[in-house]
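Here the structure comes first, spelled out in structure tokens, and everything after it is commentary.
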Amino acid sequence: MVVTSNCLASLYLSILCELLTKLGIIVDQCILPDGEQYKSLAILETIFTTLLQNNHNSDTTIIALGGGVIGDIAGFAAASYQRGVRLIQVPTTLLSQVDSSVGGKTAVNHPLGKNMIGVVYQPNSVVIDLNCLTTLPRRELSSGLAEVIKYGIIFDANFFAWLELNLDAILALEPHTLAWSKKDNDCYLNFGHTYGHAIETNMGYGNWLHGEAVAAGMMIAVQTSCSLGYFTHTDAERVKMLLLRAGLPVKGPAEMSLEDYLPYIMRDKKVIAGRLRLILPLTLGSA
């Protein structure tokens, strides 16, 4: 069964279903509303209902056709339905292609916190078509770049410098720039997400794109590292300028005070025994 959203269905669903039908595969569809605010338990139940109504059993395959929201909720459905069925991720946004589709994290949101209900469930395969990026709005492309910039800040100073040189070409979707690598260190990949998730939840899911909130969260973490004497102010300025060039925010919402962040931060998944593990960059390329 293909799980997708209204917007993606109009762009790609008929193409995918036609290809699968030619292979002799019977295809059901579950089309969900667009937006982070719909990554909820209620919408998850919609997927389960569609699976049950169409008599899907444990040998079925769920295909997640969409961005991070679809990948997360369809992945959670695959992990849960009949105690686990096959999952194929077909990410269509930059953010989902470089981050959410390949990490195995699946979840839905709760009014008290983002991604609080979920499970790690690796897909059987991830199919990426870079042509999907040509239909992305500029804001969505910028949102995905936040996760790409994150890799440079915490893992690879040379990659960060390459981004500085090639950002305009990336935004123009020039083919030679559309490549990346992923390091297997899940904890560090949460850089910027502690503050970012607080922003998304406090401001209402969907008002800030995930990458926008992560960008602001990364900058808060960079400033924290500077104040502790680790990250240099020169490198902090480089991070700030690259985020701005990518069209991303470098500050959290003006209406959020420190007190507004604290409840969400203390419910973060990185809190252990009442203590928060905060991912901070030490230098460009290390954290």
Checklist entry - Would a scan of the stretch 48-68 turn up a residue that is assigned to a helix (DSSP H, G or I), modelled with pLDDT under 95 and in the same structural domain as ASN115 (by TED's automatic domain parsing)? => result yes
Next on the checklist: Take VAL2 and tell me if it is surrounded by 20 or more Cβ atoms within 10 Å (Cβ to Cβ) and either within 21 Å of the chain's Cα centre (by Cα) or of a type in the set (Ser, Thr, Tyr) (or both).
Outcome noted: yes
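Answer with yes or no whether ILE73 is buried (at least 20 other Cβ atoms within 10 Å of the Cβ), among the β-branched types (Val, Ile, Thr) and at pLDDT 95 or above.
Considered against the rule, which asks whether it is buried (at least 20 other Cβ atoms within 10 Å of the Cβ), among the β-branched types (Val, Ile, Thr) and at pLDDT 95 or above, ILE73 comes out as yes.
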Item to check | Checking SER96 against (1) surrounded by fewer than 21 Cβ atoms within 10 Å (Cβ to Cβ); (2) closer than 20 Å to LEU189 by Cβ, the condition it does not meet | outcome: (1)
Checklist entry - How do the pairs read when you match residues in the stretch 203-221 that are β-branched (Val, Ile, Thr) with residues anywhere that are assigned to a helix (DSSP H, G or I), using Cβ under 8 Å and keeping only pairs 6 or more apart or on different chains? => result VAL214/ALA146; VAL214/GLU147; VAL214/LYS150; VAL214/HIS193; VAL214/GLY196; ILE220/TYR195
Checklist outcome for this item: Those residues of the stretch 87-118 which are within 15 Å of the chain's Cα centre (by Cα) and part of a strand (DSSP E or B) amount to GLN89, VAL90, PRO91, LYS105, THR106, ALA107, VAL108, ASN109, LYS114, ASN115, MET116, GLY118
Next on the checklist: Can you report the number of residues in the stretch 1-33 which are of a type in the set (Gly, Ala, Ser) and in a loop (DSSP other than H, G, I, E, B)?
Outcome noted: 1
Item to check | Within the stretch 21-35, tally of residues that are more than 11 Å from THR4 (Cα to Cα) and either in the same structural domain as LEU209 (by TED's automatic domain parsing) or touching a helix residue (DSSP H, G or I) at 6+ places or on another chain (Cβ under 6 Å) (or both) | outcome: 1
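Search the stretch 119-163 for residues being hydroxyl-bearing (Ser, Thr, Tyr) and more than 25 Å from TRP208 (Cβ to Cβ), and hand back the single one that is nearest to the chain's Cα centre (by Cα). Before you say what the answer is, go through the steps one by one.
In the first step, residues of the stretch 119-163 are kept if they are hydroxyl-bearing (Ser, Thr, Tyr); the result is 121, 125, 134-135, 142-143, 151.
This time we only want the ones that are more than 25 Å from TRP208 (Cβ to Cβ), so: 121, 125.
Working: TYR121: 15, SER125: 17 Å.
Checking each candidate, the answer is TYR121.
The values are calculated or read from the model by the stated rules, or taken from the named source; none is laboratory data. All values derive from a computational prediction rather than experimental measurement. Counting neighbours? That spans all protein chains shown, and the Cβs are built from the backbone with ideal geometry, glycine included.
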